[in-house]
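J.: Here it is: the structure, laid out below.
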Amino acid sequence: MNAIPNVIHAAPTDMESRIRALEDELAGMRDRVPENKVSIILLSGDFDKAMAAFFMANGAAAMGMEVTMFFTFWGCTVIKKGRKLKGKKFLHKMVNLMLPGSSKDLAPSRMSFGGIGRKLFNYMMKGAMSPLEEQIDLAVELGIKFQVCSPSLAIMGFDVDEWAVPVDICGVAAMYDTALHARTAYFIS
């Protein structure tokens, strides 16, 4: 009869160690569970792709998700406040002359119709959806975070004060840190 109390006493100790092991495993998994965040990486400077990016961003923010948009290369033109040439190197001026000056100058990726495509799309969207510039303003109001790729600034010749929205100038590591902790990440090119 003496063996029964030892078995009963041994079980809780074994159970306690199993619970501790499970708690440790759960704590390790918490770091890998995505947070209620969305990461949108915009490479494209096309009107329709920018519209899609902002619709997705504003929709997620309206649902209570934390949204970060990372703009790189041509995508940077979407949030520029205009064309700035003063103080730039010759090649940077040339690049900036070839790129859209701001969101108002973006062309659609298809059906440009010799330059009137954007006007046609704006006309067709009237009353059905908000223009891109209103979507950008809404994103700012909703607290969406904007990141601009620092290597793109150096390569394309953009300055830190060219943005129509508050931006965080950062590199790829910051973009990955955001994307890897997000529940959903989109790359739009």
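Rule-based calculations on the coordinates, nothing more; no lab input. This is a predicted model, so every value here is computed, not measured. Because the Cβ atoms are built from the backbone with ideal geometry, glycine has one as well, and the counts that use them run over all protein chains shown.
J.: How large is the helix-only mean residue ellipticity at 222 nm for the chain, computed as the sum of -39500 (n - 2.57) over DSSP H runs with n ≥ 4, divided by its residue count, in deg cm²/dmol to the nearest 500?
T.: -15000 deg cm²/dmol
J.: Moving to a separate point now. Given segment 34-188 reduced to its alpha-carbon atoms as identical point scatterers, what log10 I(q)/I(0) does the Debye formula return at q = 0.09, 0.15 Å⁻¹?
T.: -0.28, -0.77
J.: Now for a different question. Which whole-number percentage describes the relative contact order of the chain, with Cα contacts under 8 Å and a sequence gap of 6 or more?
T.: 32 percent
J.: Determine the gain in length on full extension of the stretch K89-A27; use 0.36 nm per residue of separation and subtract their C-alpha separation, reporting nm with one decimal.
T.: 17.1 nm
J.: Let me ask you something else. Students often get this wrong, so check it: of K37/K80; K37/K93; K37/K84; K37/K89; K89/K126, which have C-alpha atoms separated by over 31 Å?
T.: With Cα atoms farther than 31 Å apart: K37/K93; K37/K84; K37/K89; K89/K126.
J.: Another question, if that's okay. Return the long-range amide H neighbours of F71 (sequence gap of 5 or more, or a different chain), with a cut-off of under 5 Å between placed amide H atoms.
T.: L42, Q147, V148, C149
J.: Let me know the longest stretch in the chain that avoids all trypsin sites (Lys or Arg not before Pro) found in a DSSP loop with at most 12 other C-beta atoms within 10 Å.
T.: Of all site-free stretches, the longest is 127-189.
J.: Sketch the reach of a paramagnetic label on R183 as a point 7 Å from Cα along Cα-to-Cβ, and name the residues of segment 135-152 whose backbone nitrogen lies under 17 Å away.
T.: It comes to 144-145, nothing else.
J.: Can you run phi through the Karplus equation (6.51, -1.76, 1.60; θ = phi - 60°) for segment 73-87 and list ³J(HN,Hα) in whole Hz, with x for Gly and Pro?
T.: 6, 5, x, 4, 5, 5, 10, 6, 8, x, 8, 10, 10, 4, x
J.: Could you list which residues have their amide H under 5 Å from that of W163, counting only those 5 or more apart in sequence or on another chain, with H placed in the peptide plane?
T.: K81
J.: Taking the Cβ of G101 as the centre, find all other residues whose Cβ is under 11 Å away and add up their charges (Lys, Arg: +1; Asp, Glu: -1).
T.: Cβ neighbours under 11 Å give a net charge of +3.
J.: How much of the DSSP beta bridge set in the chain is antiparallel, as a percent to the nearest 5?
T.: Approximately 10 percent, going by the DSSP bridge assignments.
J.: If each residue's Cβ is checked for other Cβ atoms within 10 Å, how do V148, V95 rank with the fewest at the top?
T.: Least to most surrounded, the residues fall as V95, V148.
J.: Would you grab the residues whose amide H sits under 5 Å from the one on A107? Only those 5+ places off in sequence or on another chain, please, with H modelled 1.01 Å from N.
T.: Under 5 Å from the amide H of A107: F47.
J.: On to the next question. Just flag the chymotrypsin sites (Phe, Trp or Tyr not before Pro) in segment 148-189 sitting in loop per DSSP whose Cβ has no more than 16 other Cβ atoms within 10 Å.
T.: Passing sites in segment 148-189 do not exist.
J.: Right, here's the next one. Report the net charge of residues surrounding E25, where surrounding means a beta-carbon distance below 13 angstrom and charges are Lys +1, Arg +1, Asp -1, Glu -1.
T.: Around E25, the charge tally is +1.
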